[in-house]
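Just so you know, all these numbers are worked out from the coordinates, no wet-lab data involved. Everything quoted here is computed from the prediction, not taken from an experiment. For neighbour counting, all protein chains shown are included, and Cβ atoms are generated from backbone atoms with ideal geometry for every residue, glycine included.
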Amino acid sequence: VVYEQEGVFIHSSCGKNDDQDSLIAGILRVIEKENEVVVDWRPLDETLDTSNILCAGKDSSSVVEWTQSPKEKCSQGADRPSSYEAEWDMVTTVSFKKKPHANGDAATHANGESKWSFLFSLTDLKSIKQNKEGMGWSYLVFCLKDDVKLPALHFHHGDSKPLIKCLEKHIALSESPHDERVLLVKTQKSLSQSFENLFDEPSYGLLQKWKRDPYVVTMGKFSKVTNYIVGSLRSSDQSNQRRPPSEMADFLNDTIPGLKINQQEEPGFEVITRIDLGKQPEVSRREPVSAEEWAKNMDSEGRILDVDYIKRLIFKGGLCHTLRKEAWKFLLGYFPWNSTKEERASLQKRKTDEYFRMKLQWKSVSEEQEKRNSRLRDYRSLIEKDVNRTDRTNKFYEGEDNPGLILLHDILMTYCMYDFDLGYVQGMSDLLSPVLYVMENEVDAFWCFVSYMDQMHQNFEEQMQGMKTQLIQLSHLLRLLDSGFCSYLESQDSGYLYFCFRWLLIRFKREFSFQDILRLWEVMWTELPCQNFHLLLCCAILESEKQQIMDKHYGFNEILKHINELSMKIDVEYILCKAEAISMQMMNCKELPQTVSEILGIENSSVTPDSDTGEDESGAELSCPTSLYQSLSTPVIAANGTRDSAQQMAGTQSLAPA
């Protein structure tokens, strides 16, 4: 129980304020459960028998059931005082449904009063209406997403402000533009206004938008809002331009609850114990895998002969575009690596039937049905907005009435049927767009997208557990790689790496050109050379920009602006080389911290030299880069543009004895 207030009354009969029978005293509670937060009101004399609680379910078609005794059905005549708020007497505005009981009668108290208990989840809340200050008792009216209004709750002892403050810890509330008394609920999944509209708001309002809905604001153009953000964190008093050092940390911790990154309390001090990772090795890339190479690695029945070998080829060079339509289905898990051509054809047939069954589900919903299904209506609205602004400069999606846009829309709507709990969240269209572009087929694109979303699901969940975990893991990796840079970022209120949010959320989709993202994703999908390679890509980008950030003494605002302006300016091949070099550097480290070993999925044998044997221990068994180059005899392209054999390249990558 995170909030409890006695003396919260329901006025059950109209126009009889002096009649004590018309007031039902109760207790209002806000309760945190494992997977949800609920609001619970019940009369003081009601027992704890949960069967008496009338619930609003999570589905959008839920109804709230109350029971009424005939005594409570007061006449609704013209004698009602004109100043009386309509919401005070919910019997006049809500159609109640009697809840059947075993004895066939409506449930009543022993004294004949009805039970007005209700309980609902915050996920079902649409809005809250308050009375104006100075207008008697403070009261609230909860309206649910299916437009059911609950009885008004009157706070005879105290006011409703503590309740609103409590609710704002779990949901975002914003004042309705049409009625200042109404607070609208905005969830992380909603996109009630375009990002551009945020610029019409004061800087503080914009900051709160980012705090409450990082998905929406992050997906927008961060560079345009840096001045607003930094302005909102500063005092209005121009003589005091320095915000408290802890303010940004508190702000981001509120944004992503549970995000705990080790921040230095004193910027002037650094951790004394450091691990020497050694010099980053030189890394080269090869040319993309050709159709001929792919065909040579397939038997007469269409099985891939050596999966590890083909993955290593893809990791080192990517794929030629003509191969992507086939190879991506394997990389994403739609096609099993050991399947035959015949088995894959059979799988596609089954999946085609399954896809169109799901598509028919939303296609067959009538307008009247959709009016009563707010969640489906919201999903459709979000999808239509996002589809119309996804990769519109790409020929595959440009122009009006483009068939590519129609497919993008239909696949996302069908995904809502596949995973209705998650539905659609802004950013998912960015993940689908390149997949559909490559597949050029609605069904194949859908099932590849489903496989990709299986990997990315946690990024879009309401609790943001995936984003939280990745930011913490990235902090661990960056601190090991360069603790001095981490200390600098912390001194500038940037230690939470919030500027990497968009990178992680949609896997760099808006940081690289469209063609470069095809290359980057297929390399990441090989799951080589270690787990969470995308975090090492983040490290590679940040390390590349470290010198400029530190030499020019960038602060909070400048760091945010600089990182955002890297979009479309990053060399994908250079960053892939650098990230791979970092992975080799870490995997060859003999004193790698256990946390980092777990993040990268490296079996940490905790080898420490116990005697000076003079032997080179770099041949120790690791899931490491040396295995990456075994059997690679094809030419590679080095960073300087020269050609070397894979064996020669691998031979330069062993580390000197510890």
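Using the Cβ-Cβ distance between Glu367 and Ser174 with R0 set to 25 Å, the FRET efficiency from 1/(1 + (r/R0)^6) comes to roughly 0.30. Of the cross-linked pairs Lys145/Lys169; Lys129/Lys165; Lys325/Lys578, those separated by over 25 Å at the C-alpha level are Lys325/Lys578.
Model label sites at Cys166 and Glu573, defined 7 Å from Cα along the beta-carbon direction, differ in position by 6.1 nm. In this structure the amide hydrogen of Met298, modeled in the peptide plane, comes within under 5 Å of the amide hydrogens of Leu305, none closer than 5 places in sequence on its chain.
Placing pseudo-labels 7 Å out from each Cα toward the beta carbon at Ile275 and Ser483 gives an inter-label distance of 1.1 nm. Label-to-label distance, Gln547 versus Asp419, with points set 7 angstrom from Cα along the beta-carbon direction: 4.1 nm.
Subtracting the Cα-Cα distance of His157 and Glu398 from 0.36 nm times their residue separation leaves 80.8 nm of extension gain.
With R₀ set to 22 Å, the beta-carbon distance separating Lys349 from His457 gives a calculated FRET efficiency near 0.25.
Checking the cross-link pairs Lys349/Lys395; Lys509/Lys561; Lys126/Lys363; Lys316/Lys468; Lys296/Lys509 against a 23 Å limit on the alpha carbon distance flags Lys349/Lys395; Lys126/Lys363; Lys316/Lys468; Lys296/Lys509 as lying beyond it. In plain terms, the chain from Asp147 to Arg389 could stretch by 84.0 nm, reckoned as 0.36 nm per residue minus the Cα-Cα distance. Sparsely packed loop sites in the range 383-452 (the GluC sites (Glu not before Pro) outside DSSP H, G, I, E and B with at most 11 other Cβ atoms within 10 Å) comprise Glu400. In plain terms, the chain from Phe514 to Glu342 could stretch by 58.6 nm, reckoned as 0.36 nm per residue minus the Cα-Cα distance. Note on the range 322-455: with charges restricted to the Cβ of Lys and Arg (+1) and Asp and Glu (-1), its dipole about the Cα centre is near 180 debye. The alpha carbon gyration tensor of the range 322-455 gives principal lengths a ≥ b ≥ c with a/c of 1.5 or higher and a/b no greater than b/c, which makes the shape oblate. Here Glu4 and Leu360 are evaluated by their C-beta separation; at R0 = 60 Å the FRET efficiency comes out at 0.80.
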